[in-house]
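Novice: Pasting in a structure now, in structure tokens, and then I'll have a few things to ask.
Just so it is clear, none of the values below were taken in a lab; they were calculated from the coordinates. A quick note: this is a predicted structure, and the numbers were derived from the prediction, not measured. For neighbour counting, all protein chains shown are included, and Cβ atoms are generated from backbone atoms with ideal geometry for every residue, glycine included.
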Amino acid sequence: MRMRLLASGLMVTALALSQGVTTFAASKVQTSLTAVDAGIFIFAPSGSSATLVGDGFDKQGFGLNKKVGSGGQFDLLGPASMCADGFTGRLAGTFTESDGSTFSYTIDNQLCPTGVTMVYSATGTYKITGGTGKYANAKGGGLFEGLADFADAKYKCLLFGTITY
């Protein structure tokens, strides 16, 4: 009788642990995301879109900074509603971590003159649209801030929000 109870107890414990492992393996990571990026842009002959290439880092939760490469396409969409002499834009970009995992995002923003010739301050929102590797089903979003220097063809940006993968 004691052996049967012991065996039953061990089976219940093993089942509970295996279900816990399954639940843990199936769970998603949801955490804060901070990504900083800087680089150059190259406008197409039409002048209404540009290719961006840069690098920076991303930080998730309280983790360490991870170096990332970045790339994307920026499209001018029209005049800004937030300021005079500004414009709206959309950036479809990708961050690539050293292990090859990527997450893609779309930034919708307005760029307003800063008072320095051809330098614009950008504000808006971003949405994570997917990825590869560990970010294959990534989602998330948040706020975006940036600075574009059209005279020197350089940009800097900050994404702050959440990521789930």
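Novice: Can you order the peptides 150-156, 53-59 by their average number of other Cβ atoms within 10 Å per residue, highest first?
Specialist: On the way: 150-156: 14.7, 53-59: 16.9.
Answer by packing, highest mean first, reads 53-59, 150-156.
Novice: Using only the Cα atoms, what convex hull volume per residue in Å³ does the range 27-153 have?
Specialist: Numbers: hull volume 14.6 nm³, N = 127.
So the per-residue Cα hull volume is 115 Å³.
Novice: Please give the length that would be gained between residue 90 and residue 108 if that part of the chain were fully extended, namely 0.36 nm times their separation in residues minus their C-alpha to C-alpha distance (nm, one decimal). Don't jump to the answer; show the numbers that get you there.
Specialist: Numbers: separation 18, 0.36 × 18 = 6.48 nm, distance 0.47 nm.
Additional length available on full extension: 6.0 nm.
Novice: Working out 0.36 nm times the residue gap between residue 67 and residue 53, then minus their Cα-Cα distance, what length gain in nm do you get to one decimal?
Specialist: On the way: separation 14, 0.36 × 14 = 5.04 nm, distance 1.43 nm.
Roughly 3.6 nm would be gained on extension.
Novice: Report the extension gain between residue 82 and residue 151 in nm, rounded to one decimal, defined as 0.36 nm multiplied by the number of residues separating them, less their alpha carbon distance. Don't jump to the answer; show the numbers that get you there.
Specialist: Details: separation 69, 0.36 × 69 = 24.84 nm, distance 2.24 nm.
Answer, rounded to one decimal: 22.6 nm.
Novice: Give me the percent relative contact order of the range 28-164, please, defined on Cα pairs under 8 angstrom at least 6 residues apart. Let's see the in-between values first.
Specialist: On the way: 387 pairs, mean separation 31.2, N = 137.
Reported relative contact order: 23 percent.
Novice: How many nm separate the modelled label positions at residue 43 and residue 132, each set 7 Å beyond the Cα in the direction of the Cβ?
Specialist: 3.1 nm
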